[in-house]
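What follows is one structure encoded as structure tokens, with my remarks underneath.
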Ligand code: ADP
Ligand code: MG
């Protein structure tokens, strides 16, 4: 069972992880984009951290929605609206809830991914954050369905996200700035898939 306090701890852990990997994310975005991914996300999550105390007494839906709104308004580029929508959709899926079952947690991740697909008009296989998140969500659900504890299932999800992130090195970007490079995007790791892996890792570290 995950309560609102745990959700806040997860968001804080994500903010710390993004801050500590800021330079690497920016370096990846320098190779196939405009070099702002780490800087943008770190700025956004810093402002989220500042907003968290005001969200502490809210339900999980409202907390996640607040995080999403803050990201949309503070992170520039493609990833702000994408991650912002993800958190807002996860918030919708958890509306009014003060505790999440393992299945609720998986549904929230699924809703977040649905938001990214809708907002980015993207699917798995286009060298984006979805290439880490979609396999992760599948692994999470498979793990829970086969009777694993959330921690174990999320660990499997992190492994799947890491593989998905590695796979982005081998494919051509067809969405976002990296798509301007066409074939030259091959060989480079997608920054968004990398930040998504970090977020999942941070969540796992809280369990
Ligand atoms: P920008 O490209 O506008 O500078 P960022 O650098 O913050 O934005 O984020 C780039 C990341 O966003 C990419 O690495 C990719 O994972 C993700 N991305 C870009 N466009 C899309 C899209 N249409 N759908 C899903 N993810 C996308
Ligand atoms: Mg960029």
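The values are calculated or read from the model by the stated rules, or taken from the named source; none is laboratory data. Just so it is clear, the structure is predicted and the values come from calculations on it, not from any experiment. Cβ sites come from the backbone with ideal geometry, for glycine too, and all protein chains shown count toward neighbours.
Residues are listed down the side, and each one gets a yes or a no for (1) in contact with a strand residue (DSSP E or B) (Cβ under 7 Å, 6 or more places away or on another chain); (2) within 16 Å of ligand 1 (Cβ to nearest atom); (3) farther than 21 Å from residue 86 by Cα:
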residue: 160; (1), (2), (3): no, no, no
residue: 179; (1), (2), (3): no, yes, yes
residue: 198; (1), (2), (3): no, yes, no
residue: 206; (1), (2), (3): no, no, no
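If you go through the stretch 84-106 one residue at a time, do you hit one that is within 16 Å of ligand 2 (Cβ to nearest atom) and either at pLDDT 95 or above or touching a helix residue (DSSP H, G or I) at 6+ places or on another chain (Cβ under 6 Å) (or both)?
The answer is yes, given that some residue of the stretch 84-106 is within 16 Å of ligand 2 (Cβ to nearest atom) and either at pLDDT 95 or above or touching a helix residue (DSSP H, G or I) at 6+ places or on another chain (Cβ under 6 Å) (or both).
Taking residue 145, is it more than 16 Å from ligand 2 (Cβ to nearest atom), out of contact with any strand residue (DSSP E or B) (no Cβ under 6 Å at 6 or more places or on another chain), in contact (Cβ under 8 Å) with a residue 40 or more places away in the chain and over 28 Å from residue 56 (Cβ atoms)?
no
For the stretch 169-178, how many residues are surrounded by fewer than 23 Cβ atoms within 10 Å (Cβ to Cβ) and either within 12 Å of ligand 2 (Cβ to nearest atom) or in contact (Cβ under 8 Å) with a residue 24 or more places away in the chain (or both)?
Residues flagged as surrounded by fewer than 23 Cβ atoms within 10 Å (Cβ to Cβ) and either within 12 Å of ligand 2 (Cβ to nearest atom) or in contact (Cβ under 8 Å) with a residue 24 or more places away in the chain (or both) within the stretch 169-178 amount to 5.
What number goes with the only condition from (1) more than 16 Å from ligand 2 (Cβ to nearest atom); (2) closer than 17 Å to residue 78 by Cβ; (3) touching a residue at least 40 places away in the same chain (Cβ under 8 Å) that residue 201 does not pass?
In the conditions (1) more than 16 Å from ligand 2 (Cβ to nearest atom); (2) closer than 17 Å to residue 78 by Cβ; (3) touching a residue at least 40 places away in the same chain (Cβ under 8 Å), residue 201 misses (2) alone.
Criterion first (more than 30 Å from residue 181 (Cα to Cα) and crowded, with 22+ Cβ neighbours inside 10 Å) does residue 75 satisfy it?
For residue 75, the condition - more than 30 Å from residue 181 (Cα to Cα) and crowded, with 22+ Cβ neighbours inside 10 Å - is not met.
Looking only at the stretch 106-127, how many residues end up being within 11 Å of the chain's Cα centre (by Cα) and within 11 Å of residue 174 (Cβ to Cβ)?
Total meeting the criteria: 0.
Taking into account only those residues within the stretch 1-39 that are over 17 Å from the mean Cα position of the chain (by Cα) and away from ligand 2 (no atom under 12 Å from the Cβ), which is nearest to residue 176 (Cα to Cα)?
Ranking the qualifying residues of the stretch 1-39, first place goes to 23.
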